[in-house]
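Enquirer: Okay, here's the structure, questions in a sec.
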Amino acid sequence: MFFKLSAPHVSIREYMYEGNVITMPIVLLIAVIVKLLRIPIPGSTDIPAVESLQPFRVPAEKVDPEILKAITDLDLQVHELGFTRIDLIGINDRQNNTRYGGAAYRSADGDSVAWIRYRLWPNLERRNKYARLALTSLGPAGEIILTTAATRDLLDPPDWHVEYHPKVDANQLRDLHQQHVRRVLGSARPMIAGDTESAFDLLEHTHREFVEFQLDRGVFVRATPSSTTPSSVTPHAVSSDMAATTIASSAEDDVVVAELVEEAERVEEFVDGDDAAVQTPPVDETLPIIEAVRKQETKQSGWLTKLLILAVSIGLFIGLGAWQWELELVLILVPILLVHELGHYVAMKAFGYKNIHMFFIPLLGAAVSGRHYRVSGWKKSIVALAGPLPSIVLGLVLGGVGFWFENEWCAKGAVITLILNVLNLAPFLPLDGGQVAHVTLFSRSKVIDLLFRIGTITILMLVAWLLEAKLLFGIGIAMALGLPTVWRTMTVTESIRRRDLPEPDNDRMPEEAIRVIADEIQRANLPTQSTSTLAKLTLSVYENVIARPPSWPATVGIWALYFAGLFVGVIGMFAITLATVGGGMFDDFPEFETHYERVETEDGQFRLGKPNADPKKTKLDLLAWRFADVDTATLAYDELVETTDDSVARLGDFVFTSTVVDSAEVEVIDGDFGEDFETFAENDPRLDLLRGARWRRSFFGTQPQLIVVVSAEQANDLIRATESIPYNIGDSVAIAPWTPKIQATEAQRQLQAKLLVLQGKSDPLPWEHAPPPDRDDSTDEDETMGFRNQMRQSAERFEQIQRNRLDWIGEQAESSEGTTRQLYNAFLDFESESTAWRQDERPYEQKGPPPTLPDYLMPLLPELGYLHPNHPLRATSVNVDAYQWTPDAADTAFAETFPLEQDGRSRVYLQLTPTRDAAAAYATVHAWLKNQGIETVVWSYETVVE
C-alpha cells in the first residue's frame, strides 16, 4: 500500500531540515503558511511511503536506467567493503509523484545491512542527483542503530539511535557505523543475519517501524475512497449508476470496488423502502461557488498585515539579492522598486481598487495587486504607466543632482532607475509595457493575444539563453506550459462578452454572472482543483469581461504618452551615462600598469637576519628603497644592519629588507587589492626609517618578478637548473644552485636525480606504458554496463601502474647498493605501510594517522643534499620557476618601458616564491645570477594607475 504525505502534519523542525542559511527564512514562511492554512502541498520523502519493501524487489532490467547509473559508483564501494547484494529495489510512487531505486546488502559477518537509496522527485530534482547509503544494525534488545550518509528528512522514531553524516563515502560511513554500534551496545554484539533473507527481514522491520511512526504522527496518510454521489441529485437517482461508475474508475483496486458496490446496494435498498427519499429536492450546485466568490470579495487585509508582508518581502529580497549580487546594488534597487510600485499603488487607489497589496519578489522585482470590477481598459493602462513614467522623471532629477554635486550614489541611482524603467516599458508580458499593449491592442482578439504571448515567451527564452539566466529560462518554461490554460480562459472570456451580463452592484459580482461564468469555466475544463480556485478564476474572467479595451482615440492617447515616456527615458539614460560614466565618476576598478626597475648585480652586500622564534612567522614582506647614489645606499644599508634583526641586502643604489607582517594589518575594501596595498605601503611606519630614498615600496602580497636577458644557451642552463630541484620533504628543502656558501656534491646530485623520478617529476616515467586505447562508442553495449566497465578498466589500469611502479622500484633496489638502495627501500617501505594502513578496517582513532613519506626519508636527508629546518641557511630557500618569455609584439608599452635591449638574446622570466625570508631569497638569487655572468636584473611589478 502507498501512503500520501500530509504536509500540514510535518513539523516546523522538519521543514527547516530543507533550508540553509540563505533560504531558511523562505522555508520557515512556507512552513508556517502551510500549517496554519493546512495547505496540502505536494511532497516527497527520502524513505519510500510504502507499507512494505517486499513487493518491490525487482531484477535489474526493471529498474530505471538513470537510477542504476546513479548507484553504480556507490555499489562498487559497498562491494569493496565485503557486502553482498541481496536484491535491487524499484518503486514508482504515483501518489507522491516520486520514483525510488536502490539496492539492499548484507555485510560479510551479517551484523549490519546496507541500503543504497536514490530518489527522483520532479519538484526537487536538483537536490537528489546522488545516491544515499544507510547502514543498519539490530541490538540484542531490539535497538535499531542507523548510520546514514543522507541529509535529515523526517523525524525518526524516538527509540532509534540515528546518526547523520551527509555525503561521506562508504568506507568512512562503515567506520562511523562501527563506532556508533559500540557506543550504543558497549561490549555487546549486534544481532547476526545468518543469510540474505534474514538481512532483508531486518531492513523490512526497520522500514515498517519508520512508516508506523509517521502514520501515528499523521505525516503519512492512508488513501481513502471519496464519495461519488453528486449533491445535486437524489440518492435513488444515483444509486444504480454509482457502482458502475465506481467500478470503471477504480478497477485497479478490487477491494475498494467491492466496498463501494456494497454501499451502493444498501443505499438502493433503503430508497426502495422509503419513498420520501425520492422526493428530496435538488441542491443548487452554484451555491458553494457563490459563497466562495463572496468570501473573496469581502477579503480585506489590515494595514498591519500589509506592512508585515511588505517588510518580510523586502527582507527576503535583500537577503537573496545580496547572495546573488553585490549588496550595494541591492540597496540601490530597493528604493527604486519601492518608488516604482508606489506609482502603481497611488493610481490604483485613485481609481478605487480594493485590498491593494505591495510586495517584493526575491531576485525578480516587486509588484502591487488589487481588485476592481468596474475599472475600464484606459484606467488599467494608466495604472500600468503610473509605475515607469514617474520613475523616469525622478531618475532625470536624480541624475541632475548627481552630476551637479558630483554625488556618485545619486548618479548610480539615476542610471539604474532609468535603465530599469525603460526596460520595463518594453511591450512584453509581464512588464508594464506589455500590460499596456495587452489591454489596448491584443486583448481585442484571442488569436492576436495568443500570438502576442508566444512572441513574448520566445523573446524571453532567447534573452535567457544569451544571458545564461536559468531563472528567466524557468519563467519562460512556466509561461509556455500555461498557454493551453490561457487559451481556454480567453475563449471563455470572449464567449461571455457576447452575452449581456449585469454590471457589478456595490462592488459585488451579480449571482447571475457567477452562474454563467462558472458554468462556462467548467464546460471549458479549466483547471479548478477546489471551489476557492474556481471562485478566483470566476472573478478574474468577470473583471476581464467588464474591463473592455479602450476606444481607439483613447488608445492613441495612451500610446502617445507611452512613446513620450520611452523617448525621454532613453535620451536621459544616455545623457546621464555619458555625463557620469564618461566623466570618470564610476571608475571604481583601478587600472594597473607594469613598472620595470633595473638593478645591477656587480656591487652588492648581504647580511642574513636572525630567524624568528616562531617558525610560522615568515618574513615575507619585502621592502625596497632606491637612493640617489651608491654612497647614500651604503649608509642606508649600514643603518638597517644596526637597527634591525632582519635580513638586509644592497645592490648598487638599491636596498631591500624583509620583516614579519600580519595579514590583519591590511584592510582590503571591496576586493580592490591593488589600491589597498598601495595605501598599506604609504602608511607603513618602517618605510619612514630611511627618508633619503627617492623611491620606496612594500611588496607585501605582490612579490616582484625578475627578468634577465641572456643568450639562448644560458637561458636553457637557467631553466634546467630550476627544473633539477626535487620537491621539499616536509619542511626540509634541497640544496639549490642558488643556495649560498654550500653546493650539493656530485653524489647528492645523482641521488636528487633519482628522487626526481620517484617524485614523478620526470617525463616520461619509466614505469608507465602507452596510454589505454580510446573507448569505442559505436558498440551496442548497455550504457550503464559500459559505464561500469569503463570505471573498472580505469581502476585496473591505475592498479597496474602502481604495481609496475613498485616492481620498478624493487628492481632498482635490488640492483643498487649503499644510499641509493636505502632510498628505493624507503619508498617501498612507505608504500607497504600505506597499503596496510588503508586495508586496516579499524576506526581512525585506533589505527592512528596514516604514514607519511618524510618519516621514511628523514634519515637520508643529509645524503640527499637537503637542508634541515633548523639549518642556518634555511632562511635563504626559495622556489624558482624559470621559462623563456616572448612579449606580445603589439605590446608597445613594454617596448617603450623595458630598460634592456634584447639584441637577439632570450628573455628569461624568473618567478620567485620565498619560503622563509623574502630579502634573503632575493639576495641569494641575485648572487647566483651574478655568478652566472648576468650583470643586470630587471624587477617587474604592477602598480595602480593614478
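The values are calculated or read from the model by the stated rules, or taken from the named source; none is laboratory data. Remember, it's a predicted structure, so these values are computed and weren't measured experimentally. Cβ placement follows ideal geometry from the backbone for every residue including glycine, while neighbour counts extend to all protein chains displayed.
Enquirer: Return a yes/no flag: does the stretch 826-835 have any residue that is without any contact (Cβ under 8 Å) to a residue 12 or more places away in the chain and at negative phi. Lay out the reasoning, then the answer.
Expert: Looking only at the stretch 826-835, we keep the residues that are without any contact (Cβ under 8 Å) to a residue 12 or more places away in the chain, and these are 832, 835.
Subsequent filtering for residues that are at negative phi retains 832, 835.
Scanning the stretch 826-835 turns up at least one residue that is without any contact (Cβ under 8 Å) to a residue 12 or more places away in the chain and at negative phi.
Enquirer: Considering only the stretch 844-925, give the helices (runs of 4 or more DSSP H) lying wholly within it that have at least 2 residues that are in contact with a strand residue (DSSP E or B) (Cβ under 9 Å, 6 or more places away or on another chain). Break it down stepwise before answering.
Expert: Numbers: elements: 844-847, 853-857, 861-864, 892-897.
The helices (runs of 4 or more DSSP H) meeting that bar are 853-857, 861-864, 892-897.
Enquirer: Looking only at residues that are of a type outside the set (A, V, I, L, M, F, W, C) and under 26 Å from K379 (Cα atoms) in the stretch 304-348, which one is surrounded by the fewest Cβ atoms within 10 Å (Cβ to Cβ)?
Expert: Looking only at the stretch 304-348, we keep the residues that are of a type outside the set (A, V, I, L, M, F, W, C), and these are 305-306, 313, 315, 319, 321, 324, 326, 328, 335, 340-341, 343-345.
Applying the additional criterion that residues be under 26 Å from K379 (Cα atoms) yields 306, 335, 340-341, 343-345.
Working: K306: 15, P335: 11, H340: 25, E341: 21, G343: 21, H344: 25, Y345: 20.
Here the answer is P335.
Enquirer: Residue check: is T151 out of contact with any Cys (no Cβ under 8 Å at 6 or more places or on another chain), of a type in the set (S, T, Y) and surrounded by 15 or more Cβ atoms within 10 Å (Cβ to Cβ)? Explain how you work it out, then say what you get.
Expert: Numbers: out of contact with any Cys (no Cβ under 8 Å at 6 or more places or on another chain): yes; of a type in the set (S, T, Y): yes; surrounded by 15 or more Cβ atoms within 10 Å (Cβ to Cβ): no.
Against the criterion (out of contact with any Cys (no Cβ under 8 Å at 6 or more places or on another chain), of a type in the set (S, T, Y) and surrounded by 15 or more Cβ atoms within 10 Å (Cβ to Cβ)), T151 does not qualify.
Enquirer: Moving to a separate point now. Which pairs have Cβ atoms under 8 Å, sit 6 or more apart or on different chains, and link a residue in the stretch 741-767 that is among the charged types (D, E, K, R) to one that is loosely packed, with under 14 Cβ neighbours inside 10 Å?
Expert: If the second residue must be loosely packed, with under 14 Cβ neighbours inside 10 Å, the pairs left are K761/Y727.
Enquirer: Can we say A919 is farther than 24 Å from N716 by Cα and of a type outside the set (S, T, Y)?
Expert: Values: farther than 24 Å from N716 by Cα: yes; of a type outside the set (S, T, Y): yes.
It is true that A919 is farther than 24 Å from N716 by Cα and of a type outside the set (S, T, Y).
Enquirer: Does the stretch 927-941 hold any residues that are out of contact with any Pro (no Cβ under 9 Å at 6 or more places or on another chain) and either crowded, with 23+ Cβ neighbours inside 10 Å or part of a strand (DSSP E or B) (or both), and which are they?
Expert: Matches in the stretch 927-941: V937 only.
Enquirer: Mind checking which residues of the stretch 349-380 are under 40 Å from the mean Cα position of the chain (by Cα) and closer than 25 Å to A560 by Cβ? Before you say what the answer is, go through the steps one by one.
Expert: So the first thing to find is which residues in the stretch 349-380 are under 40 Å from the mean Cα position of the chain (by Cα), and the list is 355-371.
Hit for the stretch 349-380 is V368, nothing else.
Enquirer: Let me ask you something else. Please find, within the stretch 858-912, the residue that is modelled with the highest pLDDT out of those that are surrounded by fewer than 13 Cβ atoms within 10 Å (Cβ to Cβ) and of a type in the set (A, V, I, L, M, F, W, C).
Expert: Ranking the qualifying residues of the stretch 858-912, first place goes to A895.
Enquirer: Among all residue pairs at least 6 apart or on different chains, which show Cβ distances below 8 Å where the first residue, located in the stretch 503-515, is among the hydrophobic types (A, V, I, L, M, F, W, C) and the second is not in a helix (DSSP H, G or I)?
Expert: Within 8 Å, the pairs are M509/Y373; A513/L501; A513/P502; I514/T286.
Enquirer: So L68 clears everything in (1) modelled with pLDDT of 85 or more; (2) among the aliphatic types (A, V, I, L, M); (3) over 20 Å from M191 (Cβ atoms) except one condition, right? Which one?
Expert: (1)
Enquirer: Would a scan of the stretch 211-220 turn up a residue that is out of contact with any Cys (no Cβ under 8 Å at 6 or more places or on another chain), of a type in the set (D, E) and over 20 Å from E841 (Cα atoms)? Break it down into steps so the answer makes sense when it comes.
Expert: To start, the set of residues in the stretch 211-220 that are out of contact with any Cys (no Cβ under 8 Å at 6 or more places or on another chain) comprises 211-220.
Right, trim to of a type in the set (D, E) and you get 212, 216.
Imposing the further condition that a residue be over 20 Å from E841 (Cα atoms) reduces the set to 212, 216.
Looking through the stretch 211-220, at least one residue is out of contact with any Cys (no Cβ under 8 Å at 6 or more places or on another chain), of a type in the set (D, E) and over 20 Å from E841 (Cα atoms).
Enquirer: Which of the following residues is within 23 Å of F699 (Cα to Cα) and among the β-branched types (V, I, T): T897, T886? Working first, answer last.
Expert: Details: T886 fails: within 23 Å of F699 (Cα to Cα).
That would be T897, the only listed residue that is within 23 Å of F699 (Cα to Cα) and among the β-branched types (V, I, T).
Enquirer: Here's a follow-up. Any idea how many residues of the stretch 114-148 are assigned to a helix (DSSP H, G or I) and either surrounded by fewer than 17 Cβ atoms within 10 Å (Cβ to Cβ) or modelled with pLDDT of 85 or more (or both)? Give the steps one after another, and end with the answer.
Expert: From the stretch 114-148, those assigned to a helix (DSSP H, G or I) are 122-128; that's our starting set.
Adding the requirement that they be either surrounded by fewer than 17 Cβ atoms within 10 Å (Cβ to Cβ) or modelled with pLDDT of 85 or more (or both) leaves 122-127.
So the answer is 6.
Enquirer: If you don't mind, there's one more thing I want to ask. Are any residues in the stretch 683-714 more than 46 Å from the chain's Cα centre (by Cα) and either surrounded by 15 or more Cβ atoms within 10 Å (Cβ to Cβ) or modelled with pLDDT of 85 or more (or both), and if so, which ones? Break it down into steps so the answer makes sense when it comes.
Expert: Of the stretch 683-714, the ones more than 46 Å from the chain's Cα centre (by Cα) are 688-695, 709-714.
Hits for the stretch 683-714 are L689, L690, A693, V709, V710, S711, A712, E713, Q714.
Enquirer: Next question, about the same structure. Go through the stretch 741-761 residue by residue and tally those that are under 45 Å from the mean Cα position of the chain (by Cα) and surrounded by 16 or more Cβ atoms within 10 Å (Cβ to Cβ).
Expert: 6
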